[in-house]
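Notes follow once the structure below has been shown.
Values in this text are rule-based calculations from the coordinates and carry no lab data. All figures in this text were calculated on a predicted structure; none of them were measured in a lab. With ideal geometry, Cβ positions are generated from the backbone for all residues, glycine too; neighbour counts draw on all protein chains shown.
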Amino acid sequence: MEHTIVHFEIPADQPERAAQFYRELFGWDIKQFEGSVAGGMDYWVVRTVPTDAEGRPSKPGVNGGLMRRMYPNQVPVNYINVESVDESVSRAERLGAKVLMGKTSVPGMGWFAQLTDTEGNLFAVWETDMSAAMSGAAAGQESSNAGR
């Protein structure tokens, strides 16, 4: 498996303003995720390249998201594809990384964790798993990180 960037997220104080900026600057297709405001998270899907029927890039490139900033000084984050979030987090910690958000599910899509590297840079690892569901641990982790 190649460990490539498979997703990015851009935080914004005013997602509508940021979406308009990136649309006009780069021509990106940015649409608010259906039900995202009602579900408590203001999330926008960012397509920098076309996608196939499963939502995956159909030509080289990376798509991502734009969301309402959740805490002061929140920075953009790149998600890197891995075979196992658990194994990658364990290895990263041995190499000096710090875990900011433990393994968390995205139901029907996969698992991720957010860490900082030895230089303090934020990154995330992503494991695709269509059978991922909201687990009790993940739900608790999300709640505890809501005030970050």
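Would you mind giving the average projected area, over all directions, of the Cα convex hull of the chain in nm² with one decimal? Don't skip to the end; give the middle numbers.
On the way: hull surface 37.7 nm².
The orientation-averaged projected area of the Cα hull of the chain comes to 9.4 nm².
In a GNM of the chain with a 10 Å cut-off on Cα contacts, which of W44, W126, W28 has the highest mean-square fluctuation?
Top of the fluctuation ranking is W28.
How much of the DSSP beta bridge set in the chain is antiparallel, as a percent to the nearest 5?
Close to 75 percent.
Treating cross-link reach as a plain straight distance, find the aspartates and glutamates whose alpha-carbon is under 18 Å from the alpha-carbon of K98, omitting any fewer than eight places away in the same chain.
Reachable aspartates and glutamates: D86, E87, D117, E119, E142.
What are the lysines whose alpha-carbon lies under 30 Å from the alpha-carbon of K31, with same-chain residues fewer than 8 places away excluded?
Candidates past the 8-residue exclusion: K59, K103.
Taking 1 over the mean of 1/r across every pair of different Cα atoms in the stretch 7-70, what Kirkwood radius in Å do you get?
12.0 Å
Just to be sure I understand: with springs between alpha-carbon atoms less than 10 Å apart, which residue in D52, D29, D129 has the highest mean-square fluctuation in the Gaussian network model of the chain?
The residue that fluctuates most here is D52.
Measuring from a point 7 Å past the Cα of L122 along Cα-to-C-beta, which residues in the stretch 55-84 have an amide N at less than 19 Å?
63-81
Lys and Arg at +1, Asp and Glu at -1: add these up for the other residues within a Cβ distance under 11 Å of G64 and post the number.
0
Nearest 10 degrees, 0 to 90: what angle lies between the long axis of helix 136-145 and the longest principal axis of the chain (Cα atoms)?
Its long axis makes an angle of about 70 degrees.
Need one number: nm distance between label points at R47 and F33, each 7 Å from Cα along Cα→Cβ, rounded to one decimal.
1.6 nm
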